[in-house]
Each structure stands twice: as C-alpha cells, then as structure tokens.
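Everything below concerns the one structure shown next.
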Amino acid sequence: MSASPTLRECISNCALPANEVRILLAHILEKYYQLPRSALLSRDDISLSEQAFGEWERLVARRMGGEPIAYILGKKGFHNIELEVGPGVLIPRPETELLVEIALTEITKLNKHVRVLDLGTGSGAIALSIASAMPLASLIATDQSTEALAIAKQNAQSLKLLDQAQFLQGSWYAALTQVSQFDVIVSNPPYIAHQDPHLTQGDLRFEPASALTDYASGLSCLEIIIAGADQYLKPGGLIALEHGYDQSEAVMGLMTAAGLMEVQAHLDLAGHCRVASGRKRL
Ligand code: GLN
C-alpha cells in the first residue's frame, strides 16, 4: 500500500464491520478535512495525510480492542441531543429514550412549570433531553460520581441548558440539599445483578461498574429510589424507572408495596418491559 492510502483503501482494508468503519472514517474526515460523511462515497479517492492515517489506525486499533465507539469518538447521540461521553459515564442507550418520552408526556399534560428529579444522571442524558424538549421544566440531576457530574455539567453548558438544570453530588435522594417535592422523578439506576455475565462482555466491560450493577441482586438501587418516592413526589406526581428486561414484576411489586397508584409497565421498541411507573396518591 502507498504511504498515503485513499479512503477507498482504508474502507476495503479494514476488518471492522462496515457500519463501524464508516462511523470512524466520518470522524476522521470531519476532523482533518471538514468534510461531511457523504464524502466517504463521493470523494473516496482522497488520500489521507500521514497524520490523519495515523489517527485512523489508532481508532481502528482501539475498536478492535473492544472499546465502545462512543468512548472512542467521545460523543453519543441520545433522543434529540448529542452528549459528550467518556469512561466515567454510562453510554446512553436508545432504550432509555422510552423513559424520556414518558416524562415528556407527563410534563406536556401538566402544561405548567414542573420540577423534575433525575437520580443517577451519568452524562446527563435523561435530564438534559427533558430540559431541551421542555423549556417549562426545571431539573435537579444527581450522581454520586464527581467525574460523571463534571461531564453532565459540561454537557449542560454545551447545550445551553445550565439555567434549567442543577447538578448535585450524592447517593440518590441524599444528594438533595433541601427538602423538596417533584412533579416527576426519573432514574436509570444500576440494575444488573452482580453475577450477570453480561458485565464481562462487549461495551459493558469498559463502562463504570457502579453505573451498571448494584453489586447485589440488581434491585437494591431501584428499591431505595422507590422507597423515597412518597417523600419526594408531590401529590399526584409521577415516578418512572428503567429496569432490566426481567425485572418488571419485581419493580411493579415494589411500587405497589410502597403505596404508589396507577402502577404500570411500559414496553420498549423491542417489546420488553423496560420502564415501570407509578403515581403518588393525591
Ligand atoms: N441498559 C444497560 C444495559 O443493559 C444497563 C444500564 C443500567 O444498569 N442502568 O446494558
């Protein structure tokens, strides 16, 4: 191969799946040539500079080592926003957009200024996509990880949402600095059981364990969050929580036992019950 391979050569010589090749090369094109992704087709005769080719090789090596694309690129699209992500935060998943949609429906229905609490915000994905879609919502987003909160705040700043979102450090409700009640509580807590083999597979190997597992049965964080719902929700307020595909009954049981009303399961696009919601009595 020549010292400066063309895009076409990079594409045909790469062992990664075609869609991943396109994503990584599009990043190189944008960074070094300010060209859009469509140039992968229309200008595939471009020869990469030594510097661009060096970076291409480094990106491919990282991906071949299993590192998630989102960490390699440092960003991930979620709902209607793009977030900066890094190894200190869970990579936002498309399934979690279901939780956002449930919150948005509720906020739209209330049609007034609403207060929303996002527990364990990570990159800020849930809180910031709600804030971005709902100018009438103000959010408190918590995390026990200062590293995660720094990323979430940075995302809030880039998205110009700092006036709508406040970030507090601490474990679940303990992060709150004053006694307050919310119209909506949302959370995507760590719910994978400690011994689940998925933790040692794929992208999950690179993500913070504390964002994935409760180091127990998978239900302990969900339990803590549900136990606080009565105290931290306004009368009639809604709590909606993401959980594992096989935890629906258990989570709905916890919600019912905690005295919540209108306890419901919500299906994700794949047809799995991934969110449970309940309402505080009026
Ligand atoms: N949805 C993630 C997964 O299954 C887990 C996220 C979480 O534990 N909250 O990979």
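The values are calculated or read from the model by the stated rules, or taken from the named source; none is laboratory data. What you are looking at is a predicted structure, and each value in this text was computed from that prediction instead of being measured. Please note: Cβ atoms are built from the backbone with ideal geometry, for glycine as well, and neighbour counts cover all protein chains shown. These area figures cover heavy atoms from the full protein model, side chains too; ligands, DNA and RNA do not enter into them. Shrake-Rupley method; radii C 1.70, N 1.55, O 1.52, S 1.80 Å.
Reported count of residues in region 247-282, each being among the charged types (D, E, K, R) and modelled with pLDDT under 95, is 1.
Residue pairs whose Cβ atoms lie under 9 Å apart, separated by 6 or more positions or on different chains, with the first residue in region 96-124 and within 13 Å of Ser277 (Cβ to Cβ) and the second among the basic types (Lys, Arg), are Leu98/Arg274; Leu99/Arg274. Identify all residues within region 156-166 that are open to solvent by less than 70 Å² (accessible area, probe 1.4 Å) and part of a strand (DSSP E or B); write none if there are none. Within region 156-166, Ala165 is the sole residue that qualifies. Restricting Thr96, Thr142, Thr121 to residues that are β-branched (Val, Ile, Thr), in a strand (DSSP E or B) and within 16 Å of the ligand (Cβ to nearest atom) narrows the list to Thr142. The set of residues from region 187-219 being hydroxyl-bearing (Ser, Thr, Tyr) and open to solvent by 40 Å² or more (accessible area, probe 1.4 Å) comprises Thr200, Ser210, Tyr215, Ser217. Scanning region 175-186 for residues that are open to solvent by less than 30 Å² (accessible area, probe 1.4 Å) and away from the ligand (no atom under 15 Å from the Cβ) turns up Ala175, Leu176, Ser180, Phe182, Asp183, Val184, Ile185. Closer than 28 Å to Met255 by Cα, open to solvent by less than 20 Å² (accessible area, probe 1.4 Å) and either at pLDDT below 95 or hydroxyl-bearing (Ser, Thr, Tyr) (or both), is that true of Thr142? Yes; evaluated as a whole, the condition is true for this residue.
Scanning region 95-105 for residues that are open to solvent by 10 Å² or more (accessible area, probe 1.4 Å), modelled with pLDDT of 95 or more and touching an Asp or Glu at 6+ places or on another chain (Cβ under 9 Å) returns Glu97, Leu98.
Could you please let me know if Lys153 is among the basic types (Lys, Arg), in a helix (DSSP H, G or I) and under 22 Å from Leu104 (Cα atoms)? Judged against the criteria, Lys153 is a match. When Leu269 is tested against (1) open to solvent by 80 Å² or more (accessible area, probe 1.4 Å); (2) within 12 Å of the ligand (Cβ to nearest atom); (3) not acidic (Asp, Glu), just one condition goes unmet, and that condition is (2). Restricted to helices (runs of 4 or more DSSP H) entirely inside region 5-49, no element has at least 2 residues that are open to solvent by 60 Å² or more (accessible area, probe 1.4 Å) and among the hydroxyl-bearing types (Ser, Thr, Tyr). Of all residues in region 50-88, those satisfying the criterion of being part of a loop (DSSP other than H, G, I, E, B) and within 30 Å of Leu98 (Cα to Cα) are Gly66, Glu67, Pro68, Gly74, His79, Asn80, Val85, Gly86, Pro87, Gly88.
Can you pull out the residues in region 202-243 that are away from the ligand (no atom under 11 Å from the Cβ) and among the hydrophobic types (A, V, I, L, M, F, W, C)? Of everything in region 202-243, those that are away from the ligand (no atom under 11 Å from the Cβ) and among the hydrophobic types (A, V, I, L, M, F, W, C) turn out to be Phe206, Ala216, Leu219, Ile224, Ile225, Ile226, Ala227, Ala229, Leu233, Leu238, Ile239, Ala240.
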